[in-house]
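Let me begin by presenting the structure, written as C-alpha cells, before commenting on it.
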Amino acid sequence: MGMPCDTEAIRSDFPILHQEIYGKPLVYLDNAATTQKPHCVIDAVRHYYEKDNANIHRGVHTLSERATADYEAARETIRLFFNARSKKEVIFTRGTTESINLVASSWGDTNVGKGDEILITHMEHHSNIVPWQMLCERVEATLKVVPMNEAGEMDMHAFETLLSERTKLVGVVHMSNALGTINPIRTIIKQAHAVGARVLVDGAQAAAHVAVDVQALDVDFYATSAHKMYGPTGVGVLIAKETVLDAMPPYQGGGDMILTVTFEKTQYNDLPHKFEAGTPNIAGVIGFAKAIEYINAIGLDAIAEREKVLLDYATQKAVAFDGLRQIGTAKDKACVLSFVMDGVHPHDLGTILDREGVAIRAGHHCAMPVMQFYKVPATARASFSIYNTEAEVDALFIALIKARDLFA
Ligand code: 7TS
C-alpha cells in the first residue's frame, strides 16, 4: 500500500479538466477511449518542438543528437516500466492496433500455416480480432473463440479444452474496454506455453491500471497505447521477446530499418530498429516516457487502490438505480461501468449526459461480439481515471436520473 492519492493535486495537473460544457463543469468519464494529458506531458512535447526538434539516428548536428538521445532515453523509461530484458525488446509503434497488426503480419505469416489455429476470446476489441481473421484468411488457418459467462469472465475450462497442439497463438485482452474484466493472463500464458503456443496480450486498457512485468509473466508479445496512459495519441509500443523478434521478418521496409541497401540485397538493422521503419513519432515517444514518469510518481499501486474505491462507489450506485442493467460484472474488473437503461438508447443517454457536462461513451466500443453476446445494440460506458472524484460519479447519476425522467 502506497501513499493515498491526493485527487485535488492530481486534478490540478490536468489543464483540460477545468472547463465548463453547456455551463456545467466538465465531468470526463471517457477515459477508456483516451485519458487526458497532464502538464508535464504537454510541456515535454512542447519543449521538444521548441528546443530539440530534428530527425533521429541520422543527423550529426547537435539537435539531432539531442532528439536521438531523448528518444532512446524514452525507450529505456518504457523498458523499465514493463521490465523488458533490454531495449531491443521495446518497439515503438502507432499504438496497440499497429502493434497487433505487426505481430499478425510478421510473426503470423512466418509461423502460422494451413490447419493451424489462433485462439482469441469473446471479449476482444476489434483490433485483436480482425488482424487474426486476416491472417487466417491468408494462410488458411482457423480462428477459434473462447466463450465467456454472463458476468463477462472468460470460460477457463473451455479455454483449456480449446487449447491444443494446433494452437499457434493465443490473443487475449488484459483488461476489456467494453466490460472492465481483467483476465487471468498469468495462467493463460502458462497453459498456452504448455502446448507450445505463443501469447499476445492486448494491454491497451490495462497498462494504466495494472502493473505489468513482462518477464514475470513470460509473455511473448505485449501491446499497448500511450494515449490511454496520459500520453500522446498516435504512439504505442510492442514489447516482445528478443529471440522471437530476431526470427521475425521486418513488418515495413524503409529508412532506419536497414544497415545497407543495394538493388540486389538489403541488410536489415538490429533490433529494435528493424521494426521501426521511417521517421517515428519522436515527440510522441518523448511524451509517452513523460507520462510513464507521471504514473511512476503517483505509483501504480496507489492508482489501482484509488480507482477501485471509485469503481466500487459507482457500482453501488448502479446496482441501486432502477431500470439500469450493468453489462460486465466480473469479479476481477477495473475502471469501467458499462450499462443499458430501460427505454433509453445508449446514444440518447450519451447526448443527454453531454448537455449536463458529463462525457461518456455510447456505442459498441469496437467490441461488437460483446454486444451480440448480451443482445444489446450498444452500451453506455463510464470509465474512470485517477483524476475522477466521487462528486463526478454523483454528477453522472444525477444526469442519469434526468435522462430516465425525460423518457419516462
Ligand atoms: N484494445 C483495447 C482493449 C482497446 O480498448 C483499444 C481502444 C484498442 C485495443 C485499440 O487501441 P488504439 O490505441 O490502437 O486505438 N479502445 C477504445 C475504446 O474503448 N474507446 O475508444 C477506443
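General remarks:
- Of all the numbered requirements in (1) in the same structural domain as T96 (by TED's automatic domain parsing); (2) out of contact with any helix residue (DSSP H, G or I) (no Cβ under 7 Å at 6 or more places or on another chain), E307 misses one, and that requirement is (1).
- Set F339, F384: member being touching a Ser or Thr at 6+ places or on another chain (Cβ under 9 Å) and within 26 Å of Y22 (Cα to Cα): F339
- Scoring K37 on the criteria (1) more than 16 Å from the ligand (Cβ to nearest atom); (2) crowded, with 20+ Cβ neighbours inside 10 Å leaves a single failure, condition (1).
- Residue that is nearest to T35 (Cα to Cα), among those in segment 200-214 that are touching a Leu at 6+ places or on another chain (Cβ under 8 Å) and buried (at least 21 other Cβ atoms within 10 Å of the Cβ): H209
- Hits in segment 1-28 (condition: aliphatic (A, V, I, L, M) and over 24 Å from A211 (Cβ atoms)): I16, L17, I21, L26, V27
- 2 or more residues within 16 Å of the ligand (Cβ to nearest atom): qualifying strands (runs of 3 or more DSSP E) within segment 301-408: 336-341, 361-363, 379-383
- All told, I78 meets the bar of being surrounded by 14 or more Cβ atoms within 10 Å (Cβ to Cβ), over 30 Å from T379 (Cα atoms) and within 16 Å of the ligand (Cβ to nearest atom).
- Segment 130-144, residues that are surrounded by fewer than 22 Cβ atoms within 10 Å (Cβ to Cβ) and within 16 Å of the ligand (Cβ to nearest atom): V130, Q133, M134
- Restricting T35, T62, T7 to those that are more than 26 Å from the chain's Cα centre (by Cα) and more than 30 Å from E140 (Cα to Cα) reduces the list to T62.
- Apart from one condition, L337 fits all of (1) at pLDDT 95 or above; (2) open to solvent by 10 Å² or more (accessible area, probe 1.4 Å); the exception is (2).
- The lone exception for G108 - which of (1) part of a helix (DSSP H, G or I); (2) open to solvent by less than 40 Å² (accessible area, probe 1.4 Å); (3) within 16 Å of the ligand (Cβ to nearest atom) it fails: (3)
- So T7, is it under 30 Å from V130 (Cβ atoms), in contact (Cβ under 8 Å) with a residue 24 or more places away in the chain and either surrounded by 14 or more Cβ atoms within 10 Å (Cβ to Cβ) or hydroxyl-bearing (S, T, Y) (or both): no
- Conditions (1) open to solvent by 70 Å² or more (accessible area, probe 1.4 Å); (2) in contact with a Cys (Cβ under 9 Å, 6 or more places away or on another chain); number of the one not met by H61: (2)
- One residue alone among R46, R58 is modelled with pLDDT under 95 and away from the ligand (no atom under 16 Å from the Cβ), and that residue is R58.
- Which listed residue is out of contact with any Asp or Glu (no Cβ under 7 Å at 6 or more places or on another chain) and more than 24 Å from I10 (Cβ to Cβ), from Y268, Y294, Y230: Y268
- Being within 16 Å of the ligand (Cβ to nearest atom) and open to solvent by 60 Å² or more (accessible area, probe 1.4 Å) is a condition met by at least one residue of segment 237-259.
- For D52, the conditions (1) out of contact with any Asp or Glu (no Cβ under 7 Å at 6 or more places or on another chain); (2) open to solvent by less than 60 Å² (accessible area, probe 1.4 Å); (3) without any contact (Cβ under 8 Å) to a residue 60 or more places away in the chain all hold with the exception of (1).
- Tallying residues that are in contact (Cβ under 8 Å) with a residue 12 or more places away in the chain, small (G, A, S) and open to solvent by 20 Å² or more (accessible area, probe 1.4 Å) within segment 355-407 yields 3.
- Among the conditions (1) open to solvent by 10 Å² or more (accessible area, probe 1.4 Å); (2) more than 30 Å from L29 (Cβ to Cβ); (3) within 15 Å of the ligand (Cβ to nearest atom), F221 misses just one, which is (1).
The values are calculated or read from the model by the stated rules, or taken from the named source; none is laboratory data. Worth saying up front: this structure is predicted, and the values here are computed from it rather than measured. Please note: Cβ atoms are built from the backbone with ideal geometry, for glycine as well, and neighbour counts cover all protein chains shown. All accessible areas refer to the heavy atoms of the entire protein, side chains included, with ligands and DNA or RNA removed. Shrake-Rupley method; radii C 1.70, N 1.55, O 1.52, S 1.80 Å.
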